[in-house]
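First up is the structure itself, then whatever we jot down about it.
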């Protein structure tokens, strides 16, 4: 069985969403051509579809970030926040050492 990284899964999900969006746009355009919906209704449907896609994308990014953060913790790797905190501590220690040397 092939293993996928969280990034792969997000890319696949986004790809599927893009395909679904394109298909929905085609169906809406066809409905307009056949007179089933007005151009105004179609524009509203497309705007709603776009908004939902953007929300789904943001949620997927949030989930991916959370999963990556959990994986880093699980493997004992330093996060960006950990490194930033260490840099602050080093700066504070340097200042303390400099003041003792003066």
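Against the definition (part of a helix (DSSP H, G or I) and modelled with pLDDT of 80 or more), how does residue 14 come out, yes or no? Taking the combined requirement at face value, the residue does not satisfy it. With respect to the conditions (1) free of Cβ contacts under 8 Å to residues at least 12 places away in the same chain; (2) surrounded by 13 or more Cβ atoms within 10 Å (Cβ to Cβ), residue 94 falls short on a single one, namely (2). Among the residues of segment 36-72, which ones are exposed (fewer than 11 other Cβ atoms within 10 Å of the Cβ) and more than 19 Å from residue 20 (Cα to Cα)? Answer for segment 36-72, where residues must be exposed (fewer than 11 other Cβ atoms within 10 Å of the Cβ) and more than 19 Å from residue 20 (Cα to Cα): 39, 40, 62. From the list 42, 53, the one residue that fits, being free of Cβ contacts under 8 Å to residues at least 24 places away in the same chain and touching a helix residue (DSSP H, G or I) at 6+ places or on another chain (Cβ under 6 Å), is 42.
Looking at 70, 99 in this structure, which one is assigned to a helix (DSSP H, G or I) and at pLDDT below 90? Walk me through it before giving the result.
Details: 99 fails: at pLDDT below 90.
Every option except 70 fails the conditions.
State whether the residues of segment 81-89 include one that is in a helix (DSSP H, G or I) and closer than 16 Å to residue 9 by Cα. Looking for residues that are in a helix (DSSP H, G or I) and closer than 16 Å to residue 9 by Cα, one finds none in segment 81-89, hence no.
The values are calculated or read from the model by the stated rules, or taken from the named source; none is laboratory data. Just so you know, these numbers come straight off a predicted model, no measurement behind them. Cβ coordinates were reconstructed from backbone atoms using ideal geometry, including for glycine residues, and neighbour counts include every protein chain displayed.
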